[in-house]
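Chemist: Got a structure here, written out as structure tokens. Questions coming.
We did not get these values from a lab; they are worked out from the coordinates using the rules stated. These numbers were taken from a predicted model, which means no experiment stands behind them. Using ideal geometry, Cβ is built from the backbone for each residue, glycine included, and neighbour counts are taken over all protein chains shown.
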Amino acid sequence: MAFLRIRFWQKVLGALLCVGIVPVALVSMVSIQTTRQDLTSLGVTNILQRSTSTAGAIDAYLQSRLGDIVLVGKLPDIVRFGQNLKDPAAKAAARVALSAAAARSPEYESVAVVDPDGNIAAASILTDEGTSVKFREYFTTAFKGTPYISDPSYSVITNKPALFFSSPVKDGDKVLAVVRTRVNMAAIWDVVEGDLGSVGEGAHGFLVDDYGIRLAVSETRGHRDLAESLIYKPIAPIDAETVKKLVADKRFGQKTPEQLVIDPLPTLKSALDVLPRGITTSSQFSYGATSSEQRGVVTRLTAKPWAYILAVPIATYTKAADDATLNAMSMVIVGLLLSIVIGVLLTRSLVRPLRRLVGEATMVSTGDVDLRYASFDTRSGDDITREVASAFDRMLNALRFYALSDDATSGED
């Protein structure tokens, strides 16, 4: 089977590949894969630390604002007004106390006292008074005696998203009224927006409530005017019972949950569902195609059953390994080309003189050259060629000797 015969230059090329290229390719592949895994682990660690830190900052903010309204509910002027909601003097004193409380922080929009019927009886902003908030969960929960932090919802007064912190006003064990603070989202948005690009190029964070609805996203940094088009996007469809609850609380103002644009993240939903509530815990997840894969960490808050998510394109961390892969591929290609060139040149430098010697030997054997004058060049070529030529020349001398001896013997006969 002559067609399967491996030629000399192919053997040389194969040897060069086995000795030079294949080991380099294997070592590069293993080392690059190990480096990629190490970089990914480092990236996830950075994401975890940042996610936990940001979640802790949001938790601390919520607890601080809740503590503020609990303190307001215990102020003597507020308790005195709660005991006699019809007293004009008590109402005036309560307004002063509420205005002082509202001045404590720039994100406080309004601080108010809500009577047992759910109507705002006194407020730091007079135009808020008389507004009915009896359908709000922050009122019904606080009136039962429990301080409350609301989910962001549209204010019936400003028609803008806000947080509401509420606390009962008590006389002993009796709940007299409710105090509530309306707080804009600026402070929380500032915290979340601070994570844009925080742990690498393309890093972004967002805050979701316990229904998986986005409350804040880092992409609003510098684009607060686009906030309403970026937030309130659920990561999964909302069940019917939750829809009824959100509609009753007017969570989205004039919008209904059916009008919300779902931006599905099933892997995040799965990671979020297994996180226990009430304690700070984290879980990793990933999403996206291979070329645009993102790694993220979701961290559960404690003040509210919300979760903070920080995600980064994995290529941000593995770029060095990806570059090394390209470099290794380039090196292998260059090595392959060099091996081919070297293999061809080397075999030609060896084979061409040998073929010349073979041709000369063939001419001698077929009688095309007079044996008495035939010779092989033992001076040119490399050492191997000269050795072969010398061997042929010695063989030719021996043949010439025997041939001449035979001629002499024949003449005597």
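Chemist: Per residue of segment 167-176, in order, report the coupling 6.51 cos²θ - 1.76 cosθ + 1.60 (Karplus, θ = phi - 60°) as ³J(HN,Hα) in whole Hz, putting x for Gly and Pro.
Modeler: 8, x, 9, 10, 10, x, 9, 8, 7, 8
Chemist: Based on the mean of other beta carbon atoms within 10 Å per residue, what is the order of 97-108, 50-61, most packed first?
Modeler: Packing order, densest peptide first, comes out as 50-61, 97-108.
Chemist: Here is a further query. Apply the a/c threshold of 1.5 to the C-alpha gyration tensor of segment 236-301 and tell me whether it is rounded, prolate or oblate. Each step should come with its number before you reach the end.
Modeler: On the way: a/c = 2.93, a/b = 1.53, b/c = 1.92.
Oblate, since a/c reaches 1.5 and b/c is not below a/b.
Chemist: Where a ≥ b ≥ c are the square roots of the eigenvalues of the C-alpha gyration tensor, would you call segment 160-259 rounded, which needs a/c under 1.5, or, failing that, prolate if a/b is larger than b/c, or oblate?
Modeler: It is oblate, given that a/c is not under 1.5 and a/b is not larger than b/c.
Chemist: Can you list residues from other chains, or at least 5 along the same chain, whose modelled amide H is less than 5 Å from the amide H of T281?
Modeler: Placed amide hydrogens put R300 under 5 Å from T281.
Chemist: Listing D195, D190 from the residue with the fewest other Cβ atoms within 10 Å to the one with the most, what is the order? Don't jump to the answer; show the numbers that get you there.
Modeler: Numbers: D195 25, D190 15.
Listed from fewest to most nearby Cβ atoms, that is D190, D195.
Chemist: Under the Karplus relation 6.51 cos²θ - 1.76 cosθ + 1.60, θ = phi - 60°, what is the ordered set of whole-Hz ³J(HN,Hα) values for segment 41-52, x standing for Gly and Pro?
Modeler: 4, 5, x, 5, 4, 4, 4, 4, 4, 5, 4, 5
Chemist: Can you compute 3J(HN,Hα) from phi for each residue in segment 192-198, using the Karplus curve 6.51 cos²θ - 1.76 cosθ + 1.60 with θ = phi - 60°, rounded to whole Hz and x for Gly and Pro?
Modeler: Residue by residue, segment 192-198 yields 5, 5, x, 8, 5, x, 5 Hz.
Chemist: For a quick check: sort T181, T45, T131 by the number of other beta carbons within 10 angstrom, fewest at the front.
Modeler: Fewest-to-most ranking of T181, T45, T131: T45, T131, T181.
Chemist: Filter the GluC sites (Glu not before Pro) in segment 186-219 to those in DSSP coil with at most 15 other Cβ atoms within 10 Å of their Cβ, and list the result. Can you show the working numbers first?
Modeler: Working: sites: E193, E201, E219; in loops: E201.
Listed in order of number, the matching sites are E201.
Chemist: Of the listed pairs K160/K269; K244/K269; K91/K255; K74/K160; K170/K269; K74/K269, which have alpha-carbon separations greater than 32 Å here? Let's see the in-between values first.
Modeler: Working: K160/K269 27 Å; K244/K269 21 Å; K91/K255 35 Å; K74/K160 29 Å; K170/K269 40 Å; K74/K269 40 Å.
Where the Cα-Cα span goes over 32 Å, the pairs concerned are K91/K255; K170/K269; K74/K269.
Chemist: What is the set of long-range amide H partners of V175 at a cut-off below 5 Å, with H atoms built 1.01 Å from backbone N?
Modeler: Distant-sequence amide H within range of V175: zero hits.
Chemist: Where a ≥ b ≥ c are the square roots of the eigenvalues of the C-alpha gyration tensor, would you call segment 158-203 rounded, which needs a/c under 1.5, or, failing that, prolate if a/b is larger than b/c, or oblate? Intermediate results must be reported in sequence, preceding the final value.
Modeler: Numbers: a/c = 7.29, a/b = 2.92, b/c = 2.50.
It comes out prolate by the Cα gyration axes.
Chemist: Which value does Rg/Rh take for segment 73-184 over its C-alpha atoms, Rh per Kirkwood?
Modeler: On the Cα set of segment 73-184, Rg over Rh gives 0.93.
Chemist: Which residues' amide hydrogens lie under 5 Å from the amide hydrogen of A216, considering only partners 5 or more residues apart or on another chain, with H built in the peptide plane?
Modeler: Answer set, sorted by chain and number: L207.
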